[in-house]
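What follows is a set of notes on a single structure, which appears directly below.
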Amino acid sequence: MTDRIPSMRGSRDSPVLHATVPRPRLSEDNLLEVQRTRWSEDLLVVSAAGEIDLATAGRLEHALWGDLPTSTVLDLTEVTFLGVAGLRVIESAAARANAEHRTIGVVASTRPVLRLLNLFGVDVHIPVFQYLANALRDVPKALPKP
C-alpha cells in the first residue's frame, strides 16, 4: 500500500496545498568564517563566526595549526553553534599549546557555546573569558613554566 499524495489543486471542500522546496544547505565557506589577526609579536587572535560542526571544524583546526606565537586567543563570540567536532579542535589546540609551553584562552558569550564548554568541562582547563579585552590582557600573563 502506498501513501496518498494530496492533490495540489484546491476544491470547494479543501484548501490549496503549497509545496515547499527544501533549500540547499549552505556551503562550508558560508557557514563558518575564520580569521587570524596577529595582535602583537607574542599574541595571535583567531576569530570564528558562524557554525562549527563536522563540516566546518577543519577550517578552525587549520587556523590553529602551524607556527603559533606564545599566546593564542580563540574568539568565539560570533559562533552560533558549536558541535563536538569543534570542541575536539579546541581541546586539541589546548593540548598542543600546553605541550609546547604556550597559552591559549577562549572568548565566548553565546549560550550554545558556553553550555558545551561547561558541559564537557573544557572551561576547567582552558580559561574562558566573556570579553575579548579581558582575554587579551590575561592570556599572555598565564604562560606556563617550562
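The values are calculated or read from the model by the stated rules, or taken from the named source; none is laboratory data. Please read all numbers here as calculations on a predicted model, not as lab measurements. Quick reminder, even Gly has a Cβ in these numbers, built from the backbone with ideal geometry, and neighbours come from all protein chains shown.
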request  = Scan region 54-96 for residues that are small (Gly, Ala, Ser) and in contact with a Gly (Cβ under 7 Å, 6 or more places away or on another chain) and report the count.
outcome  = 1
key: Yes/no for residue 44 being modelled with pLDDT of 95 or more and either assigned to a strand (DSSP E or B) or within 11 Å of the chain's Cα centre (by Cα) (or both)   = yes
ask   = Which one of the conditions (1) modelled with pLDDT of 90 or more; (2) more than 21 Å from residue 102 (Cα to Cα) does residue 13 fail to meet, given that it meets all the rest?
value = (1)
message = Step by step: first the residues of region 81-128, then only those that are of a type in the set (Val, Ile, Thr) and not in a helix (DSSP H, G or I), then the one that is farthest from residue 64 (Cα to Cα). Which residue is that?
response = 110
message = Of the conditions (1) surrounded by 10 or more Cβ atoms within 10 Å (Cβ to Cβ); (2) at pLDDT below 95; (3) not hydrophobic (A, V, I, L, M, F, W, C), residue 75 satisfies every one except a single condition; which number is it?
response = (2)
query = Hey, does region 60-70 have a residue that's under 19 Å from residue 39 (Cα atoms) and in contact (Cβ under 8 Å) with a residue 40 or more places away in the chain?
reply = yes
query = Of all residues in region 102-130, which are within 20 Å of residue 38 (Cβ to Cβ) and either of a type outside the set (Gly, Ala, Ser) or in contact with a Cys (Cβ under 6 Å, 6 or more places away or on another chain) (or both)?
reply = 102, 103, 104, 106, 107, 129
message = Out of 96, 137, I need the residue that is surrounded by fewer than 19 Cβ atoms within 10 Å (Cβ to Cβ), of a type in the set (Lys, Arg) and within 22 Å of residue 59 (Cα to Cα). Which one?
response = 96
note = Note on region 49-80: residues in contact with a helix residue (DSSP H, G or I) (Cβ under 6 Å, 6 or more places away or on another chain) and either on the phi > 0 side of the Ramachandran plot or assigned to a strand (DSSP E or B) (or both) are 50, 51, 52, 71, 73, 75, 76, 79
query = How about region 127-141: which of its residues are without any contact (Cβ under 8 Å) to a residue 60 or more places away in the chain and in contact with an Asp or Glu (Cβ under 8 Å, 6 or more places away or on another chain)?
reply = 127, 129
Options 89, 106; residue that is of a type outside the set (Gly, Ala, Ser), at pLDDT 95 or above and closer than 22 Å to residue 30 by Cα = 89
